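Reviewing the structure listed below.
The values are calculated or read from the model by the stated rules, or taken from the named source; none is laboratory data. Predicted model only: the values in this text are computed from it and were never measured. Every residue, glycine as well, gets a Cβ built from its backbone with ideal geometry; the counts of neighbours run over all protein chains shown. Areas reflect the complete protein model, heavy atoms only, side chains present, ligands, DNA and RNA absent. Shrake-Rupley method; radii C 1.70, N 1.55, O 1.52, S 1.80 Å.
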Amino acid sequence: IAVTLHRPSNVDNLEGLHKIIELLKYCSKYYQIIFPMHPRTLKNIQSFELKRDFDAIANVIYTKPMDYFTFQKLLSKSCGVITDSGGIQEETTFLNVPCVTLRENTERPITIDIGTNTLMDFDPPKVIETINKIQNASGQKPPLWDGMSSERIVQNIEDVLAS
């Protein structure tokens, strides 16, 4: 499972960081976790003196932030993603990778509507249950999420230039 958590509501306070520790402890019992660490998250882990707590969790690999293509490869090879990021909800939908978003709302509601993403709070057993459930669902993509947007854009430009 790939994990990305960086939103202030999740990482800028001790309570949020403790929730992340508990989530990682639980999820790492069932899956290998890879957690590319956002600088904000790392800074707060260090500020709250929790680095040893995070490092003590077995089956979790922490990395520096990844470049786009390396991160896309990680997402595509993951059996699930736990995030608080908006864009990742879209990327996992396109890649047919189950996503759990630890937020109260999303600016990407279509990912919720088609069932590729679930909004939830920090309930570790429910997170794992949801990732497993989404894995078994048939992958859907929203209309026009077919990887052909560049071709449509070029066609529209050509149509405008021809008129």
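Figures for the structure shown
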quantity: Enumerated helices (runs of 4 or more DSSP H) restricted to the stretch 1-99, each holding at least 1 residues that are within 30 Å of Pro143 (Cβ to Cβ), among the hydroxyl-bearing types (Ser, Thr, Tyr) and open to solvent by less than 60 Å² (accessible area, probe 1.4 Å); calculated: 68-77, 86-95
quantity: So Pro109, is it out of contact with any strand residue (DSSP E or B) (no Cβ under 8 Å at 6 or more places or on another chain), without any contact (Cβ under 8 Å) to a residue 60 or more places away in the chain, farther than 30 Å from Ser149 by Cα and surrounded by fewer than 14 Cβ atoms within 10 Å (Cβ to Cβ); calculated: no
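For every residue, the table says whether it meets (1) of a type in the set (A, V, I, L, M); (2) farther than 27 Å from Lys77 by Cβ; (3) in a helix (DSSP H, G or I); (4) modelled with pLDDT of 80 or more.
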residue: Lys133; (1), (2), (3), (4): no, no, yes, yes
residue: Gly139; (1), (2), (3), (4): no, no, no, no
residue: Pro142; (1), (2), (3), (4): no, no, no, yes
residue: Asp146; (1), (2), (3), (4): no, no, no, yes
residue: Ser150; (1), (2), (3), (4): no, no, yes, yes
residue: Gln155; (1), (2), (3), (4): no, yes, yes, yes
residue: Val160; (1), (2), (3), (4): yes, yes, yes, yes
